[in-house]
1. Determine whether region 52-68 contains at least one residue that is open to solvent by less than 50 Å² (accessible area, probe 1.4 Å) and farther than 28 Å from CYS269 by Cβ.
2. Restricting to region 42-51, give me the number of residues that are closer than 16 Å to LEU267 by Cβ and part of a strand (DSSP E or B).
3. Sort through LYS210, LYS204, LYS155, LYS243 and tell me the only one that's of a type in the set (Lys, Arg), under 29 Å from ALA53 (Cα atoms), out of contact with any Asp or Glu (no Cβ under 6 Å at 6 or more places or on another chain) and in contact (Cβ under 8 Å) with a residue 24 or more places away in the chain.
4. Look through region 129-148, keep the residues that are open to solvent by less than 60 Å² (accessible area, probe 1.4 Å) and modelled with pLDDT under 95, and return whichever of them is nearest to LEU99 (Cα to Cα).
5. Do you know which of the residues in region 77-103 that are open to solvent by less than 30 Å² (accessible area, probe 1.4 Å) and in contact with a Leu (Cβ under 6 Å, 6 or more places away or on another chain) is nearest to GLU194 (Cα to Cα)?
6. Scan region 213-240 residue by residue and report those that are among the polar types (S, T, N, Q) and without any contact (Cβ under 8 Å) to a residue 12 or more places away in the chain.
7. So, ASP287, is that one charged (D, E, K, R), part of a helix (DSSP H, G or I) and modelled with pLDDT of 95 or more or not?
8. Of (1) at pLDDT 95 or above; (2) out of contact with any Leu (no Cβ under 8 Å at 6 or more places or on another chain); (3) not in a helix (DSSP H, G or I), LYS74 satisfies all except one. Which?
Amino acid sequence: IDKKSAILFFELGFIPTPYSIFKNCKKLDNASILEFDGKEIKIFKYWDFLEYANLPKIEKKEDEILEGLEAILKESFKLRMIADVEVGLFLSGGIDSSLLASILSKEYNLKTFTIGFKDKKFNEADIAKKTAKILGTTHTEYYFDIKDMLNLFPKIVEIFDEPFADSSMFPTYLVSHIAAKELKVVLSADGADELFWGYPSNFKNAKRFKKYQKFMFLKPILSLFNNRKIKKKYYMLQKDMFKYKLATRYKIFPDEFSEFFELEDDLKCKDYIECAFLFDYKYFLSDDVLVNVDRNTMANSLEAREPFLDQNIAEF
């Protein structure tokens, strides 16, 4: 076991690239090529989203932008429907998968799959069911409960190969298992929250970040206290956006873990909200969201395709 990776896991809930839970074993970064000539290893990136994210913003009218975006979205969605077999869709109650289903249902007879929760706080199945009815898809839903989780636990541990703490792995396995009874290929709407700024918590924390800047003078005083709540406020008082993101989203207090914590801050963002979503794109999407979908669909012999993560959409 690699101790540094274990610490990163307990901080983030996943193990970020290039680390892995095993000693002397690294993950290759996305959009990268590893070259070995018998003597030395060279690694280089052939595409980097951050290059596009840091370009100056395009000055265009909203209508013009929407028209251009709609054309790219349609092209990407249709491209993922090309297959020798029928292609289905994971449908949540969110805007992302609903948009995907809405555009494609005009031309294709879709099968859609949803997991519901008996706890109303987490349940989006009702919205998904209404969406499926309006769009005329053949819809399948399954309600998840604690028994499913307990039964799945040994299987999930075997599938993931290294520690992983995103609880959505359980419903993702179940929706993949149900879809695999009827299909070999599904579309999933992952990546839209990162690209289109869909996480409310980032906006909430952006407001806090500005507010906390006014109270930086309190930091030396707060450092004298050992009380956990006060300590938390001490770490929230960060001028550094990267450290603030870690403190708010993952409750990581970087000063304490600096000798272990080696996530690279190469986001080059100018304001907090941009920084927060670029962080999610670089780390959370790659090493949590997509790992979750990949392991669970593959474990059910199901191919998952991600139309929102088309290169052209990301660059646009």
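1. no
2. 1
3. LYS210
4. My answer is PHE144.
5. Looking at the filtered set, the residue picked out is SER97.
6. Residues of region 213-240 among the polar types (S, T, N, Q): 213, 223, 226-227, 238.
Within region 213-240, SER223, ASN226, ASN227 qualify.
7. Judged against the criteria, ASP287 is a match.
8. If we test LYS74 against (1) at pLDDT 95 or above; (2) out of contact with any Leu (no Cβ under 8 Å at 6 or more places or on another chain); (3) not in a helix (DSSP H, G or I), just (3) comes out false.
The values are calculated or read from the model by the stated rules, or taken from the named source; none is laboratory data. Predicted model, so just to flag it, every value in this text is computed and none were measured. Counting neighbours? That spans all protein chains shown, and the Cβs are built from the backbone with ideal geometry, glycine included. Quick note on the areas: whole protein, heavy atoms, side chains included, nothing else; ligands and nucleic acids left out. Shrake-Rupley method; radii C 1.70, N 1.55, O 1.52, S 1.80 Å.
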